[in-house]
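Heads up, the thing below is written out as structure tokens.
Read-outs: derived from the displayed coordinates by stated rules, not from any lab. Small disclaimer: the values here were computed from a predicted structure and weren't measured. Heads up, the Cβs are rebuilt from the backbone with ideal geometry, glycines too, and the neighbour counts pull from every protein chain shown.
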Amino acid sequence: MRLWQAMLAAGAALALLGACSSSDSLLDGSKVDYKTAGKLPPLDVPPDLTVPARDNRYAVPDAGRSATLSSYQAERGQAKPAGGSSAVLPAVDNMRVERTGNQRWLVSNDPPEKLWPVAREFWLESGFLLRQETPETGIMETDWAENRASIVDSWLTRTLGGLLKSAHGTSERDKYRTRLERTPTGGTEVYISHRGMVQVYSDSGTQTDGPLNPTWQARPADPELEAEFLSRLMVRLGTPEEKAKAMVAAAPPPQRAELKKGLDGNELLEVFEPFDRAWRRVGLALDRVGFTVEDRDRQKGVYFVRYADPEAELERKKTAFSWLAFWRTDEPKVKAEQYRVAVSAQTGDTRDNSRDNSRVQVLDKNGAADSSPTSRRILTLLHEQLK
């Protein structure tokens, strides 16, 4: 049997075993297990941020003198955590989850400078490598990672993994973007968005007895994975696990968004929600779809973006063994055009005149109306996320 045939047979066996355990919920804690970082790098606090104060509650008593239990307890009772109220972890009552449809985000009364180092450490502890860290814009993004929890640990998988290590893996990869945005009151809104890729095989038709060509294609964002990691981040911030899951799973209000034509004949997206909520949802939708948000101006309601095709991000040479080198970082350059996504409030212009609307328009890089097919495509992508 040829090597490529053996690889396909091994993959089929693993897929069969994986299917046997697919009846469990993905959001079971044991069903999410990313281990890509190996040895995690030390935590570096970004510039201009406060280093978390250390807690001396677990300090070892002085070994150079004798001590009794009563005296030790008295000393511990008098000792107070260093830093007082400036600890990194916020109070549980300082957080809440807001949700519209399948989009969720965390709202905290603490400033971004306080949450940034905790969020960074959270992703590293979860087994991810951070590919992008930009404290100035409040964005951190993980590298592509494999969810090892979907691999069944059995004698067959261990045997196949020993004979053919490339077969002991999955055909999906995930990455997550975390965005911290300061609120007008000085708090923080935390958004977690998911992007996924799946490996597919296609026959080029140029060989009659050769291997299939593996390629990586984008797969839809998974709201359940986003909810799972938002819940885990809340636990990392001090919320009890059961309470975090209950807050994330709260019932959403109805989704309302519609594509329509404006007075100038150009298409626009009308969102039946006030500006502040529409602004948040558009930002999360841009993250999910794969736009590069270079800057944003909430006061003017403008996101400055570049549109890049997510399917081209992991494109590799179409050779028989290109998929074995998934860890390579020599990604091809993808030309991305600049656009402005403008969100504006439309007071008293709703279907039932009972509340305010918001409108989303796509402008060119100079801020002029854009009626190109790409502009309409961007509005369609946003509508799919906001409807």
Practice prompt. Give, in nm to one decimal, the length gained when the segment between Q132 and V200 is fully stretched (0.36 nm per residue of separation minus the Cα-Cα distance).
Written response: 21.8 nm
Worksheet item: What is the distance, in nm, between label points placed 7 Å from the Cα along the Cα-to-Cβ direction at E241 and at E172?
Response: 2.2
Item to complete: Just grab the label-to-label distance for R96 and T185, each label 7 Å out from Cα along the Cβ direction, in nm (one decimal).
Response: 0.7
Item to complete: With a cut-off of 18 Å, note down the residues of the stretch 131-149 whose backbone N falls inside the zone around a label point 7 Å from the Cα of D295 toward its beta carbon.
Response: 134-139
